[in-house]
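What follows is a single structure, written as structure tokens, with notes after it.
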Amino acid sequence: MSPSGTPQALRERHGPRYRWWLLLSVMVGAMASIMSSTVVNVAIPDMSHQFTLGQDRAQWVSSAFMLASTSAMLTTPWLLARFGYRRTYIFATLALMAGGIGGGVSDVYEGVLAARIAEGFAAGVMQPIPAIIILRAFEPTEQGRASGMFGMGVVLAPAIGPSVGGVLVDAFGWRSIFFMVIPFCLASLYMARRYVPQTGPGGVGAPPPAALDWRGLALVSAGSMCLLNALVALNSASLMQAALLFALAVALITGFVAWQRHLLQQQRSPLLNLQLFAHRQFAMGSLVALIYGTALFGSTYLLPVYMQSALMLSPSYVGSLLIPAGIVLALTIAVVGRLADRQPTWMLVSVGLALLTLSFVLMCTVRLDTALWVLVAFAIVGRIGLGFVLPSLNLGAMRGLDRTLIPQGSSVINFLRMFGGAAGVSLCGIVLEWRLAAHGDSLSNPASSPARLAAFDETFVMLAVLCALAVVAALQLRGQAHSRVLPPDDANDKH
């Protein structure tokens, strides 16, 4: 009889379909974390008015979440090895729920930011876990299907979230959107206690390190903060201040890399294992994740603001317009997940990024008299592109890694995507504010204008250029389609 709480004991209790119940359990928590990252965007205009925020400060509601997530993701392998999967996952779920409650009851902008940081930390710990489970608990011929199922479920949250969030904002005010994650968190807590094992599938791949690399965490967190503040300073402060922040960010991140190399040479446990980048497939996938995250999260921030502030649509109307695109995204992911088991992932990722680029270009053609169905169609093109990328990128980057490196690999891929996302949200806010000023307009003006549309168009062009660069990086994955695929750890459980 296997010890209680091990993957083998849970399989004996729940039967051969247990791995799918495990995936569903972490999917519910991931839905809550992703919803918390995106649904707040429909409330940014209302929060901006209540707290009298400019665009440069309002975008920190999204950027604070991203920044906390990026730092937390690098701690996930250590937390899993030190405390186990179940305890780590339950702790992250409780932190996410606490952030939702805190944001909903806060009366000051600083309180909202603190709640967003708590939510971001929780989401950062959670989000690498599903990819680890897919690569370690599923057969290679099932990994694409599992990724498709997970991706389809996860995108339903942001697809439905903006619509429900828009209705809540119109009916009850912006505070109500913070409470949306609570039912998901409660369901996730119940399922985690029932299905998530104490150890990972196949057991923990490496012995737990003696201590977390706090110095590395401090360096990368401070470097990320300086970089984001430097981006904001480009628009709201002097060029000298921006240059100093950029220089400090470069110094801190360089110091972080040097420290990680030193720990590796001393055979200690670095926060980020640089040996991962010796795998060309992983290195190229990481570059794609960085650029893709910048465009993805930047557009997720920009699109609701565009529809409300440039096209003058209500929050609830904006949410309803995004529902068809969300449904198409979920269906696309389900189909592409199965394709990822048979087709080269570099091809799927490249097609998806090309479609995402096209959607940004098409958005530049929208005008105040454009039919709304055209706007919906353009959004659908972009969501089809996302559907090609989401289930393919992790598999394409991490297939062929040694199984002991999979937790680190998942954390690094998610870290780079979220780091790019944090920069993307800031970049979109800064470029938009810059172009609005160049065209002699401001979002504080109650009415839209051709000048405002032009400023948004130029911001969409920037996102299209970033996605085109990601296509170039994705094409470099060619020749890696036949990388060695490792069997799931569960095949060799020795509990």
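The numbers here are math on the coordinates, done by the rules we state, and not lab data. Model, not experiment: these values are computed from the prediction. Heads up, the Cβs are rebuilt from the backbone with ideal geometry, glycines too, and the neighbour counts pull from every protein chain shown.
Brief remarks on what is shown
- For the listed peptides 266-278, 452-464, 115-127, a ranking on the average number of other beta carbons within 10 Å per residue, highest first, reads 115-127, 452-464, 266-278.
- Projected-area mean, the chain, by convex hull of Cα positions, square nanometres: 21.3
- Separation of the stretch 115-147 and the stretch 359-419, taken as the distance between their Cα centroids, equals 16 angstrom.
- Ranking of 333, 101 by count of other Cβ atoms within 10 Å, fewest first: 101, 333
- Farthest positive-ward along the chain dipole, Cα basis, beta-carbon charges - from 429, 401, 353: 401
- Once the gyration tensor of the Cα atoms in the stretch 213-270 is diagonalised, the equivalent ellipsoid follows with semi-axes of 28, 9, 5 Å, ordered largest first.
- Multiplying the residue separation of residue 212 and residue 9 by 0.36 nm and subtracting their alpha-carbon distance yields 70.1 nm.
- Estimated from the Cβ-Cβ distance and a Förster radius of 45 angstrom, the FRET efficiency linking residue 50 and residue 372 is about 0.95.
- At an R0 of 45 angstrom, the distance between the Cβ atoms of residue 194 and residue 320 translates into a FRET efficiency of 0.80.
- Segment residue 172-residue 472, length gained on full extension (0.36 nm per residue, minus Cα span): 103.5 nm
- Shape index of the stretch 283-374: Rg/Rh, with Rg the Cα radius of gyration and Rh the Kirkwood radius from the inverse mean 1/r over Cα pairs, equals 1.02.
- Sorted by Cβ density within 10 Å, fewest first, the residues 369, 46, 402: 369, 402, 46
- Once the Cα-Cα distance is subtracted from the 0.36 nm per residue extended length, the residue 439 to residue 240 segment shows a gain of 69.2 nm.
- Using the empirical formula 2.2 N^0.38 Å as the baseline, the Cα radius of gyration of the stretch 310-440 reaches a ratio of 1.26.
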